[in-house]
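Read the figures in this text as sums done on the coordinates, not as results from a lab. The structure displayed is predicted, hence computed values, not measured ones. Don't worry about glycine lacking a Cβ; one is built from the backbone with ideal geometry, like all the others, and counts go over all protein chains shown.
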């Protein structure tokens, strides 16, 4: 099939936002006054402890780990950060899977009692900021030397998180933008047994799935217990959207002329995407219960050698999937190995992530604002970030005479490492590190990640909305997203016939999509202007 490469102009989120923050004061200056002493007479300068008041305590609202067997509040790394800071923490942890739905209404109604709060989203419309829910942190930078220094070293992120009024309200964690992204993975043993290479087109992919479904790939004598593909519903847009020229992860995309469209309202390509997934579903290649499949179930299937294709964050490749295979020997020949994205009429790609991760703010209702600011600042310090990335020296890693870090044998056990509290982004502003991840995963895994980087494109950039833009997005996008999600599932499972697709397009347009697109176009125009 002839391939057409999508040119979305989603370059780096870089520089773009500089035009969005021209008003207000120049937030983020690291020389805004001298640090102040606390009630005990102690002056925090960026290193532990943050106070010498033995009774100092903070309430932190955050989320549980996405690993069900990890008690993140009692993880050793988390406890050490708190202990070194010289405070105690009253944790208010909400289930990871329900955090957005639970905490969003709490913020809206003001029904929360915490000093530091993990936002349920990145507040793209400045809803929480404009409601006065959080403290302007730049007004406390005299007591936040680590954070202000980090912002000066990361001017793009500094611009991104500077609000319309010129202030900075949140301390962010960060993701790696092009490394260890969600990717397609194949059981290499099954591929070799089938005598096939990793597919690069949709047609070859379907051929492979059928082969896996019809043959005794695990060699247990039962050719009917194989599940050819195990993919969580969340990853379907990542896996198949690009083959149809669609960034269904970001939703909004721009062509090579800078014209913004909504991928879920593409009358030709989105319909083709749904038709393809419906055909997989009808043939039993996409399982009936795909909407409820979770990662634990995928891991269980892999451990029993019952599935041949997965799609997940690349981290899972050797740390969660390959390592549970009954025959994995540490080599790529016996592993779940990453591959190129699938292509159809359009050349495939993988959608990367905006580097901004979880956002933490200090509640304007807090009676311990200075202490909370100091703690968030200490959580951003180099020693803490090193702990987030490498763990505890002597337990998860060692350091040689040249200062080179090496993970211990124990750290190869992902369950143990997660329970230690590695990368505790659920509760602290952790910065992801490619170097520490490369050192942790198998050599073949790090090589696979580096090779797959060529296929990763930048997502829709993070841009704060103006007051008027926020009103439009808040008014219409929730209904649009709900309508899209419900209809996509119905079309894929066949409970709604694809002959009704034109009616679906009429329905999404009736929800004021044109008004939202105008906002997105205005934002993207500002983005392009900034790139110049």
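With a ≥ b ≥ c taken as the square roots of the eigenvalues of the C-alpha gyration tensor of region 182-351, please select rounded if a/c is under 1.5 and otherwise prolate if a/b is larger than b/c or oblate if it is not? Here region 182-351 falls in the prolate category.
First measure r as the distance between the Cβ atoms of residue 367 and residue 404, then evaluate 1/(1 + (r/R0)^6) with R0 = 45 Å and state the FRET efficiency to the nearest 0.05. It would help to have the intermediate numbers written out before the result.
Numbers: r = 45 Å, r/R0 = 1.01.
Once the sixth-power term is evaluated, E becomes 0.50.
Over the chain, DSSP H runs of length four or greater, each weighted -39,500 (n - 2.57), average out per residue to a 222 nm ellipticity of -10500 deg cm²/dmol.
The protection proxy used here, the mean number of other Cβ atoms lying within 10 Å of each residue, ranks peptides 511-517, 78-84, 417-423 as follows, highest first: 417-423, 78-84, 511-517.
Seen against the Cα atoms of the chain and their longest principal axis, helix 513-531 is set at about 70 degrees. Here the label points at residue 76 and residue 471, each 7 Å from Cα along the C-beta direction, are separated by 5.5 nm in the simple model. Between residue 90 and residue 415, the modelled labels are 3.5 nm apart [label points 7 Å from Cα along Cα→Cβ]. Among 257, 149, 130, the order by Cβ neighbours within 10 angstrom, fewest to most, reads 257, 130, 149. Projecting label points 7 angstrom from Cα along Cα→Cβ for residue 275 and residue 192 puts them 3.9 nm apart.
As a length-normalised measure over Cα pairs under 8 Å and 6 or more apart, the relative contact order of the chain settles at 26 percent. Centre-to-centre separation between the Cα atoms of region 492-532 and those of region 396-414: 48 Å. For the listed peptides 468-478, 494-504, 174-184, a ranking on the average number of other beta carbons within 10 Å per residue, highest first, reads 174-184, 468-478, 494-504.
Quick check: from the Cα gyration tensor, does region 445-489 come out rounded (a/c under 1.5), prolate or oblate? Since a/c reaches 1.5 but b/c is at least a/b, the shape of region 445-489 is classed as oblate.
For the chain, the longest principal axis of the C-alpha atoms and the axis of helix 202-214 are separated by about 70°. If I take R0 = 25 Å and measure r between the Cβ atoms of residue 215 and residue 296 in this structure, what FRET efficiency does the formula 1/(1 + (r/R0)^6) give, to the nearest 0.05? Approximately 0.40, to the nearest 0.05.
In this structure, residue 131 and residue 234 have a Cβ-Cβ separation that, at R0 = 25 Å, corresponds to a calculated FRET efficiency of about 0.25.
How far is the Cα center of region 217-292 from the Cα center of region 94-167, in Å? Centre-to-centre distance over Cα atoms comes out at 34 Å.
Find the eigenvalues of the gyration tensor of the Cα atoms of region 467-531, then list the square roots of 5 times those eigenvalues as equivalent ellipsoid semi-axes, largest first, in whole angstrom.
Numbers: eigenvalues 166, 32, 20 Å².
After diagonalising the Cα gyration tensor, the semi-axes are 29, 13, 10 Å.
The angle between the Cα long axis of helix 99-109 and the main principal axis of the chain comes to about 40°, on a 0 to 90 degree scale.
For region 467-531, averaging the sequence separation of C-alpha pairs within contact (under 8 Å, six or more residues apart) and dividing by the residue count gives a relative contact order of 47 percent. Our summary gives region 277-353 a relative contact order of 19 percent, counting only alpha carbon pairs under 8 angstrom and 6 or more residues apart.
Ranked by the mean number of other Cβ atoms within 10 Å per residue, highest first, peptides 355-368, 56-69 order as 355-368, 56-69.
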